[in-house]
Ligand SMILES: [Zn+2]
């Protein structure tokens, strides 16, 4: 090769490498700025007064966490058609617990409308992780402290399913491109939190589970017509992205609530809210009411 061409190519590669570094730096900076902005909003949201659920609402424990904290459940209505909504399976997703509080408060104020069905709301499935997140709010690193339970298990990988593995992945970031290995427990349903939820669903003949996460702005439904229909409705009302079964990155996720629901004939929708620390109530209220209304109107032979 001609010596000048070689020099030119070397210089070109150097420039390219340098530009790549600049690009990587810019991406990192953008990510960092994003964390700072979201974290600052988080400080404000996390310190707003919370909605208190009235003492009049029927409440009971479905079990205790590994750290001995109660897993509380509220009940509205007494009808035969039963739905359960659960927040805080990932304790760091603090806003989901606030969303569940807002929802319970609203349901209580509108009890008459839902008397013909039963709505259960689990405020926080992972109270140990949640209290850790509340004590150590990780505002400027995406709010990741408190995801696991006290055994360091990712509860949404611990369900008793065919897909269960002891080790799995936590996927996050843009298009779920970032992954962190997570421990899923020695066997499916090994953790008292997941066992409490699944035992409660099965022993009460509950036909639908709605699980709250954040903050990916997405909605996903299990592979059955009811869940697909309600997930579509939720996406439409919130503007969240509707993720169909094929796009849902379950191939890398194991032992999930979705898999458990599909194996146990329970319809499932998973909601990834839009904020980490805020209730997201304004954004999700209309969709939640629409889903509950739709569920209430179902023909009794379906549920
Ligand atoms: Zn989550």
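The values are calculated or read from the model by the stated rules, or taken from the named source; none is laboratory data. The model shown is predicted, which means the values in this text are computed figures rather than measured ones. Virtual Cβ from ideal backbone geometry, glycine too; neighbours counted across all protein chains shown.
For segment 33-88: of the residues being assigned to a strand (DSSP E or B) and within 16 Å of the ligand (Cβ to nearest atom), which is farthest from residue 296 (Cα to Cα)? Spell out the reasoning first.
Taking segment 33-88 as the starting set, the residues that turn out to be assigned to a strand (DSSP E or B) are 58-64, 70-76, 81-86.
Among the residues that remain, those that are also within 16 Å of the ligand (Cβ to nearest atom) are: 85-86.
Numbers: 85: 14, 86: 18 Å.
It comes out as 86.
Before we move on, is residue 197 surrounded by 15 or more Cβ atoms within 10 Å (Cβ to Cβ) and within 17 Å of residue 92 (Cβ to Cβ)? If you could, list the steps in order and put the result at the bottom.
Values: surrounded by 15 or more Cβ atoms within 10 Å (Cβ to Cβ): yes; within 17 Å of residue 92 (Cβ to Cβ): no.
Here the answer is no, as residue 197 does not meet what is asked.
Can you pull out every residue in segment 149-167 that is farther than 26 Å from residue 69 by Cα and either surrounded by 15 or more Cβ atoms within 10 Å (Cβ to Cβ) or within 16 Å of the ligand (Cβ to nearest atom) (or both)?
Listed by number, the list holds a single entry, 163.
Anything in segment 134-147 that is in a helix (DSSP H, G or I) and under 15 Å from the mean Cα position of the chain (by Cα)? List them, or say none.
none
Can you spot a residue in segment 83-95 that is at positive phi, in contact with a helix residue (DSSP H, G or I) (Cβ under 6 Å, 6 or more places away or on another chain) and touching a residue at least 12 places away in the same chain (Cβ under 8 Å)?
yes
Taking into account only those residues within segment 89-148 that are at pLDDT below 95 and within 16 Å of residue 45 (Cβ to Cβ), which is farthest from the ligand (Cβ to nearest atom)?
That would be 140.
List the number of the failed condition for residue 213; all other conditions in (1) within 20 Å of residue 159 (Cβ to Cβ); (2) within 16 Å of the ligand (Cβ to nearest atom); (3) surrounded by 22 or more Cβ atoms within 10 Å (Cβ to Cβ) hold.
Condition (3) is where residue 213 drops out.
Restricting to segment 267-282, and then to whatever is outside any strand (DSSP E or B) and touching a helix residue (DSSP H, G or I) at 6+ places or on another chain (Cβ under 6 Å), can you tell me which residue is farthest from residue 182 (Cα to Cα)?
The selected residue is 281.
Return the only residue of 252, 285, 241 being surrounded by fewer than 24 Cβ atoms within 10 Å (Cβ to Cβ) and closer than 13 Å to residue 218 by Cα.
Result of the check over 252, 285, 241: 241.
Which pairs do you get when a residue that is outside any helix (DSSP H, G or I), found in segment 283-302, comes within reach of a residue that is modelled with pLDDT under 95 and surrounded by 18 or more Cβ atoms within 10 Å (Cβ to Cβ), reach meaning Cβ atoms under 8 angstrom, with the pair 6+ apart or on two chains?
Taking only residues 6 or more apart or on different chains, the pairs are 298/81; 300/81.
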